[in-house]
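Worksheet: one structure, shown below.
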Amino acid sequence: MANIQKGVLETIIFSVLGIIFCVLGYKVVDWLVPGNMGKQIADDKNLALAVVAGAMILGICIIVAASIHG
């Protein structure tokens, strides 16, 4: 039973850390790119930027998952 609790706790911790790092990565890229990515995607309906942002988020998530997994 202790192994299950430890596994669940580790999963929750790593999930939260992964989400935090993913959001931080998005914010860093948003800071580096001229203009506001969120405004461009939501208000101006910039599909190309949405695709690039989605690919960037997936890339960051893969890097975070690989670093957590070891």
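No lab work stands behind these numbers, since they all come straight from the coordinates. Just so it is clear, the model here is predicted, and its values are computed rather than measured. Backbone-built Cβ (ideal geometry, glycine too); neighbour counts: all protein chains shown.
Residues are listed down the side, and each one gets a yes or a no for (1) basic (Lys, Arg); (2) surrounded by 11 or more Cβ atoms within 10 Å (Cβ to Cβ); (3) touching a strand residue (DSSP E or B) at 6+ places or on another chain (Cβ under 8 Å):
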| site | (1), (2), (3) |
| --- | --- |
| 11 | no, no, no |
| 27 | yes, yes, no |
| 34 | no, no, no |
| 42 | no, yes, no |
| 55 | no, no, no |
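Residue 63 versus (1) surrounded by 10 or more Cβ atoms within 10 Å (Cβ to Cβ); (2) over 13 Å from the mean Cα position of the chain (by Cα): which is the lone unmet condition?
(2)
Evaluate the following for residue 35: is it among the small types (Gly, Ala, Ser) and either in contact (Cβ under 8 Å) with a residue 60 or more places away in the chain or not in a helix (DSSP H, G or I) (or both)? Lay out the reasoning, then the answer.
On the way: among the small types (Gly, Ala, Ser): yes; either in contact (Cβ under 8 Å) with a residue 60 or more places away in the chain or not in a helix (DSSP H, G or I) (or both): yes.
Criteria met by residue 35.
Which pairs do you get when a residue that is among the small types (Gly, Ala, Ser), found in region 44-70, comes within reach of a residue that is in a helix (DSSP H, G or I), reach meaning Cβ atoms under 7 angstrom, with the pair 6+ apart or on two chains?
Between residues of region 44-70 that are among the small types (Gly, Ala, Ser) and residues that are in a helix (DSSP H, G or I), the close pairs are 50/41; 53/37; 53/41; 65/18.
State whether one or more residues within region 6-25 are charged (D, E, K, R) and under 18 Å from the mean Cα position of the chain (by Cα). Explain how you work it out, then say what you get.
So the first thing to find is which residues in region 6-25 are charged (D, E, K, R), and the list is 6, 10.
Of the ones still in play, those that are also under 18 Å from the mean Cα position of the chain (by Cα) are none.
So far as region 6-25 goes, no, none of its residues is charged (D, E, K, R) and under 18 Å from the mean Cα position of the chain (by Cα).
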